[in-house]
Amino acid sequence: MKHSKFIKAMALVLSMIMIISLAACGGNSGGGTATTAATAGNETAAPADITNVTEPANANTDKSDETLTVMLGAEPTTLTGLTGINDQKACVVMYATTARLFEFDPDTSKAVPSLATGYDVIDETHYRIHLREDAVYTDGTPITAQDVVYCCGIYHEAGLDWAMFLNPEETIAEDDHTLVLAFSQYTPGWEVGLCEQTAGIYSQAAIEAVGGPQASERTQPVSGGRYNVADWVAGEYIMLERNENYWDPDYTGYYKNIKVMWASDAASRTLAVKSGDADVAESLSVSECLTLENDSTATPVIFSTSTVFVLYFNCDKEPFNDPKLREAVTYLIDSAGLNQLVNMGKGEVIQGYIPRQAGEYYKDYYENGVHPYDPEKGKQMLADLGYNDLTIECIVLQANMAPATVIQETLRNVGITMNITPMEPANYVPAARKGEYNLTIGNVNNAFVAHDNFRLVDPRDAYDIIGGPKITDEAMIEIVNRAKSSDHDTAVQGWHDVIDYLFDNWCLVGLYNKVVCAATNPDIEGLKLLKRDYVNITELHPIAK
């Protein structure tokens, strides 16, 4: 294969920085390997009703008095996120302890009913939501439409991204089980937004009883999830207790309690499972998982997700405002080699920006959806263009140092000096927003329709968004507008046109997808991923003998 020399040449480089790179493989979509790859995009045109979730083949039907112990990579910062504070680890707990209007099905990238049984379209910004009449909180009190209205207002005020376009003034309860959900503008994929772990519904009375949203960060108000918070000992653990009043007959929680613990060191999390002190360890690296393949004390679980890593050219800044230079460099990037090194072959080489899992919204621009790797052509183009002794700047998060260093070496071999500045998020975010780079690497998940699918490539957002190709061509505005249309066919064609523009103009290079790794007690199964590739700890149970 063409990239065999690349792999050999880069192996030593990568080994020096693998510790940094593998941090990106942790959680941030039968047997030891699981793939949570969505197969279809969420339709823009809203259906009148939604089909129920299909129960998985190995769904649990038993209850026990046992405790499941889960090791996270860090202590959660909040229990509710009602003030806008949230983090990846908090989302793991929030999913377990709250109920949402809709659930996200990672196999289809669609919203499926949860508290909502369905909805009617009133117009492009108003939807009548019908709630289950049997849904109750952990204390047995009913979940009402007024609670949903109240929480939507709280989330909008808190500035959560999915709640950005909610219109609290026109969101009203019509009766206990019916509400009108209003938006300030047409919002593609709003149903999927309501699947976020941060979109949990709480009792208004309970929030007020604990002292309001601010107090709820450490003291969870009554909620309607599969589990509730029994105790939080700061710095040690959070104890979850099974909700015996849980209203969904299709779900049974096997474990009476889930003890959530944490350790920043992945080796410590893995050792906890191997020693029997824990049942699940999340946020592991691919290499750590592979060492467990023949281990009788722990089972590796590897998810290949629809989150994709992309190399972005700054198209608004010299020298990459020259599309021919962007094309030449694209030919030099061996994405297959990068996937083999970073994901150890467990991931996929991707076209970029929009993954195959977007279904009808995706199209192959390149043959087989992989950009052409042709280093000889790239070298010749550089020579013809006259770019000699070129120096460029690349900024990346620390977690993306591995691919950046490999690309740096690739470009050095053709006379391009690429200076890399690794950054922590606090420094990367403002620099990437301002476009203080020639190249950067980022990840994105556009497997489902959402209001922000195209912010990274929309000229109107070029310098408000973090990273991306900084496209300023006004022709792209009209394309993005069509992709966000409320007309289904227009939107699908718009997505295809976005793909055509990005690759006609060599704005980015698709690298590989994100791989999420974990380890479990060898006697249990049922670990899954949630939206945004967080682990779902509520469906684990013993393997049937």
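The values are calculated or read from the model by the stated rules, or taken from the named source; none is laboratory data. Just so it is clear, the structure is predicted and the values come from calculations on it, not from any experiment. Virtual Cβ from ideal backbone geometry, glycine too; neighbours counted across all protein chains shown.
Here are a few things to note about the model shown:
- Residues that are in a loop (DSSP other than H, G, I, E, B), of a type in the set (D, E, K, R) and under 16 Å from residue 95 (Cα atoms), drawn from the stretch 219-260: 226, 248
- If the condition is being of a type in the set (Phe, Trp, Tyr) and within 26 Å of residue 413 (Cβ to Cβ), then the stretch 346-386 contributes 366, 373.
- Identity of the residue in the stretch 439-484, in contact with a Gly (Cβ under 9 Å, 6 or more places away or on another chain) and of a type in the set (Ser, Thr, Tyr), that ends up farthest from residue 188 (Cα to Cα): 440
- Screening residue 357 on (1) within 17 Å of residue 512 (Cβ to Cβ); (2) surrounded by fewer than 21 Cβ atoms within 10 Å (Cβ to Cβ) shows it passes everything except condition (2).
- Neighbours by Cβ (under 8 Å, 6+ apart or cross-chain): first from the stretch 257-279, on the phi > 0 side of the Ramachandran plot; second part of a loop (DSSP other than H, G, I, E, B) and of a type in the set (Val, Ile, Thr): 276/297
- So residue 227, is it farther than 25 Å from residue 155 by Cα, modelled with pLDDT of 95 or more and touching a Lys or Arg at 6+ places or on another chain (Cβ under 7 Å): no
- When residues of the stretch 76-131 are limited to those that are among the polar types (S, T, N, Q) and in a helix (DSSP H, G or I), the one farthest from residue 185 (Cα to Cα): 97
- The set of residues in the stretch 311-349 being within 30 Å of residue 288 (Cβ to Cβ), of a type outside the set (Ser, Thr, Tyr) and either in contact with a Leu (Cβ under 9 Å, 6 or more places away or on another chain) or assigned to a strand (DSSP E or B) (or both) consists of 311, 333, 338, 339, 341, 342, 344, 346, 349.
- On the stretch given as the stretch 186-215, residues that are assigned to a helix (DSSP H, G or I) and of a type in the set (Ser, Thr, Tyr) total 1.
- Filter pass, residue 365 being at pLDDT 95 or above, aromatic (Phe, Trp, Tyr) and in contact with a helix residue (DSSP H, G or I) (Cβ under 8 Å, 6 or more places away or on another chain): yes
Each row is one residue, and each column tells you yes or no for (1) part of a helix (DSSP H, G or I); (2) in the same structural domain as residue 334 (by TED's automatic domain parsing); (3) surrounded by fewer than 22 Cβ atoms within 10 Å (Cβ to Cβ).
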| residue | (1), (2), (3) |
| --- | --- |
| 363 | no, yes, yes |
| 368 | yes, yes, yes |
| 373 | no, yes, yes |
| 378 | yes, yes, yes |
| 383 | yes, yes, yes |
| 393 | no, yes, yes |
| 400 | yes, yes, no |
| 407 | yes, yes, no |
| 410 | yes, yes, no |
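- Filtered by the rule that a residue be out of contact with any Asp or Glu (no Cβ under 8 Å at 6 or more places or on another chain) and over 20 Å from residue 164 (Cβ atoms), the stretch 117-129 gives 120, 121, 122.
- Evaluation of residue 234 against (1) within 29 Å of residue 452 (Cβ to Cβ); (2) surrounded by fewer than 18 Cβ atoms within 10 Å (Cβ to Cβ) (one fails), failing number: (1)
- The condition (being farther than 26 Å from residue 106 by Cβ and either among the small types (Gly, Ala, Ser) or surrounded by fewer than 17 Cβ atoms within 10 Å (Cβ to Cβ) (or both)) is satisfied by just one residue among 199, 205, 163: 205.
- The single condition among (1) in a loop (DSSP other than H, G, I, E, B); (2) closer than 20 Å to residue 309 by Cβ that residue 440 does not meet is (1).
- When residues of the stretch 267-289 are limited to those that are of a type outside the set (S, T, N, Q) and in a strand (DSSP E or B), the one nearest to residue 88 (Cα to Cα): 282
- Just one of the listed residues (115, 72, 68, 82) is touching a Cys at 6+ places or on another chain (Cβ under 9 Å) and not acidic (Asp, Glu), and it is 82.
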